[in-house]
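For reference, the structure is listed below as structure tokens.
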């Protein structure tokens with residue numbers, strides 16, 4: 001289970017880019033599938049910034065987190081969490097960690113999307129177009145799921161909506 005922020009006091013983008021003392025991961029085995037999928041998402045969304053580190057302090061003390069992707073749109077930041085297979089933990093990370101930290105750090109509205117290659121039966125509603133996912137996340141103010149198999153363009157028919165924000 002990932003950390004959930006409680007009484008967030010402050011947050012900012014980590015000034016050094018990559019925190020000292022945290023090794024860069026070398027993915028092997030099953031985790032390599034997720035790494036390859038995340039790389040494909042990055043290629044499909046070149047306008048998104050990958051692997052941004054954030055530091056914060058809440059009631060639990062100082063903390064660090066790394067977002068998979070941050071997609072800046074004119075009126076909102078979209079934080080994207082990549083999972084090879086949909087997980088509850090991905091949704092919890094978005095709602096309880098990334099969205100509050102980025103809102104505090106940037107002062108901008110933030111929405112969350114978990115993009116995954118494989119769905120599970122309890123995943124709930126999943127969108128196949130990123131524009132539709134962004135619209136729903138804006139409307140419900142909760143993280144939503146984008147099901148992207150890595151075959152077609154990630155923007156699809158929602159591309160005009162994505163560009164327009």
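Largest mean-square fluctuation among 35, 150, 107, in a Gaussian network model of the chain whose springs join Cα atoms under 10 Å apart, belongs to 107. Projecting label points 7 angstrom from Cα along Cα→Cβ for residue 16 and residue 39 puts them 2.7 nm apart. Within the range 78-113, name every residue whose backbone N is under 16 Å away from a label modeled 7 Å from Cα of residue 139 along the Cβ vector. Residues passing the 16 Å test: 112.
Checking (1) 38, 37, 32; (2) 42, 38, 30; (3) 54, 44, 38 against Cα extents along the principal axes in Å calculated from these atoms, the matching label is (2).
Compared with the dominant Cα axis of the chain, that is its longest principal axis, helix 30-44 is turned about 70°. Helical runs assigned H by DSSP (4 residues or longer) give the chain a calculated mean residue ellipticity at 222 nm of -8000 deg cm²/dmol, each run adding -39500 (n - 2.57) before division by the residue total.
Using C-alpha pairs under 8 Å with a sequence gap of at least 6, the mean separation divided by the residue count of the chain gives a relative contact order of 22 percent.
Rounded to the nearest 10 degrees, the angle from helix 130-140 to the longest Cα principal axis of the chain is 60 degrees. Packing order of peptides 71-77, 36-42, 98-104, highest average first: 98-104, 36-42, 71-77 (average count of other Cβ atoms within 10 Å over each peptide's residues). Once the C-beta distance of residue 95 and residue 64 is scaled by a Förster radius of 25 Å, the resulting FRET efficiency is 0.85 to the nearest 0.05. If the segment from residue 49 to residue 26 were pulled out straight at 0.36 nm per residue, it would be longer than the present Cα-Cα gap by 6.3 nm.
Every read-out reported here was derived from the displayed coordinates using simple, explicitly stated rules and does not represent laboratory data. Since we're looking at a predicted model, the values are computed, not measured. Cβ coordinates were reconstructed from backbone atoms using ideal geometry, including for glycine residues, and neighbour counts include every protein chain displayed.
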